[in-house]
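Bear in mind that the values in this text are calculations on the coordinates, not laboratory data. What you see is a predicted model, and the numbers here were worked out from it, not measured in a lab. So basically every Cβ, Gly included, is an ideal-geometry build from the backbone, and we count neighbours across all protein chains shown.
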Amino acid sequence: MRSRRAPSEPDLVDRARQGDVDAFEVLLRRHDDPMRALAHRMLGSRAAMDDALQDAYVRAFRSVAGFRGDARFSTWLHRIVATTCIDHLRRSGRRAEDELGEEPRVVGGRQDPAGDAAVGRVDLRRALNRLDVDQLAVLLLVDGEGLSYDEVAAILGIANGTVSSRVTRARLVMRTLLLDGRESS
Amino acid sequence: MTGERDAELGRLLEGVRPPEHRPRFWDDLHAELSGSIELGRDDAPERRRSPWLALSAAAAIVLVALAGLLLRERGGDREAGIATNPSPPTTEQAAPSAPAEPLRPEGAPRSRGSGRVVGIDPSGSFLYVAAPSPEAAGCEGMEGHALFVEPIDGGERRLVAPATTVDATGQIRLRFGSGGDVAMWTGCDGGSGSIIVGRQRDDGTLSDLEAMTRPSAADGEELIIGDVEFRSAGVLVIVTSSYRTDDEPGTAERYRLSELTIGTGELTDLGPTALSQVAVAEDGRLATLSPDGTISFAGEVLGRFDAFDIHVTKDGAHVLAQTSSGVVAIDTATEASVDLEATAMLSDIRVVPGSRSAVLSEMVGDGAYRLVQIDLATGQRLSTLFEGAGFIRDFGLRPDASGVIFDLSPPLTPEEGAVVEGGAIEIFEQRLTA
């Protein structure tokens, strides 16, 4: 049996399994940055991001007692967040067009500080909206979060080959849209 | 397989920085986790907690619990060697199953006291439970639990072994081999599991308990025991995964198989494989899932499915594959597959002895579970054995299918908060008639 020590992730997970809300919140705050990034990129607005993350975090807490440690906590949490975001997207259709303007527009990989709607400007969100939900999730996890195919396969519960095919198709769509945007600008 | 990030798309995506949470996000979350949230307060968006969403979340959670082990590529022939060299059945019958007949609940579930179900021995004589015990040290502040046994038809609950030898506070899995051999793996958390072997006495208690050498992790890695099964008499197959403790993105888990010979204590590393998941039938034959979705059993390809998790019935008659759209049962003899009715949130499965059916536990809502019997040949639900509020962590079937014994944690109501102490988990038995 291990001796007590400063709260490590396994310690916090154990306490969370026993219903310790504070311990669970410490875990959530440690992992919140990538979860916010994923949820926001998938859903497109802060309100939707917060709504989905609150759902996801509550679900995670209600189920942490069953977390066996077969995967890393971050992988487990990523999976719940990703699945929740997918649920939200499928339930609500897609990201609302009127929410697209919340973020800086992007041109050629660089943020455009002016943010005006010049002719031919490629809106990253609009491009992301052209992906189907499954492609979107894989693209954001691989290219947005920098996770390996193995990790994404574990998070989404799909085969590595499926990750590969989905990300390939998603990149093709994105490159086509981004390239079209640059050519027309 | 390890994918590479598209650098340009990565920069584009990173250019869209996520905003901070709304001001009261953490306060609202804390209130909800503590069971006292006020809905629709200030700038909080309207809560949309539809039952459908709850089911989806439950499914995600169950899938995590079921996900098991993803094995890295290389050395698949070694698993094929295991799969094509099955040993005689150990405990439960592997005879062809009879057509499924519905089991019917008889009366109301009867309480068997507090604790968690650990297992029923193959003879159906004894029920093993983990229950709070002052003699158990516990772990990291958790209330200590010890392993107890009680005659399944009633009688005194007895300590199986000193709590210092078998601590059942965390996860504990009990496996029965041939000739009274037993194996357990226990752990306070995933990374600290231990493997204990012993023998079952006539009164159900265990003797000759001995902690075995477990596979070790490389420097800078943590190793988790994913499963332990008897592969043949006196031989265990151990599935482990390991990951780097620095938790850096891109450090995927590595999965390996090991074999442990109980008599000599010899531990043989069978290495990583091209398999993404394995499940072991009672007689040692392996069901395997490859990264491309190919499912095989005993070395024979059954087909390709969009599957990410597999189970195999103990008799090896069926492999169940969890896919994104539900659960598929594959007949290992005919390779025919059938979609199971309403099992999108499969939690666990027990084959009904002597029948081509299985009992599944599944989440049906936010804090509700049910036990259903499914005909594995048709995929149709034959019967609902139990449905109620709370969480079923584990369950077992009497070998004669005359009862299903399950533990039930209280639902997480706002009044009770989310804390479920060990003593609050209660074991019930639902008697069944054919």
What is the fewest-to-most order of A:ARG175, B:ARG431 by other Cβ atoms lying within 10 Å of their Cβ?
A:ARG175, B:ARG431
Net charge within 9 Å of B:ARG381 by Cβ-Cβ distance, Lys/Arg positive one each and Asp/Glu negative one each, not counting B:ARG381 itself?
-2
Separation of alpha-carbon centers, the stretch B:4-24 and the stretch B:382-412, rounded to whole Å
44
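By counting other Cβ atoms within 10 Å of each Cβ, how are B:TRP185, B:TRP26 ranked from fewest to most?
Working: B:TRP185 22, B:TRP26 16.
Fewest to most other Cβ atoms nearby, the residues stand as B:TRP26, B:TRP185.
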Along the Cα→Cβ direction, 7 angstrom out, place labels at B:ALA434 and A:LEU172. What is the inter-label distance in nm?
5.5
Sticking with the crude label model, points 7 Å out along Cα→Cβ, report the distance from B:ASP400 to A:SER165 in nm, one decimal please.
5.0
To the nearest 0.05, what FRET efficiency results for B:GLU14 and B:THR268 with a Förster distance of 41 Å applied to their C-beta separation?
0.35
Need the full-extension length gain, B:ASP219 to B:SER123, defined as separation in residues times 0.36 nm minus the C-alpha distance. One decimal, nm.
30.2 nm
For a Förster distance of 60 Å, can you work out the FRET efficiency between the beta-carbons of A:ARG29 and B:ASP208, rounded to the nearest 0.05?
0.80
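Quick check: net charge around B:GLU106, other residues with Cβ under 14 Å of its Cβ, Lys/Arg +1 and Asp/Glu -1?
Around B:GLU106, the surrounding residues sum to +2.
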Residues whose modelled amide H sits under 5 Å from the amide H of B:ILE152, counting only those 5 or more places away in sequence or on another chain, are B:PHE126, B:LEU127
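Compute the FRET efficiency between B:ALA389 and A:SER8 as 1/(1 + (r/R0)^6), taking r as their Cβ-Cβ distance and R0 = 41 Å, and round to the nearest 0.05. Show your work: numbers first, answer last.
Details: r = 34 Å, r/R0 = 0.83.
About 0.75, to the nearest 0.05.
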Net charge near B:ALA183 (other residues with Cβ under 14 Å of its Cβ; Lys, Arg +1; Asp, Glu -1) is -3
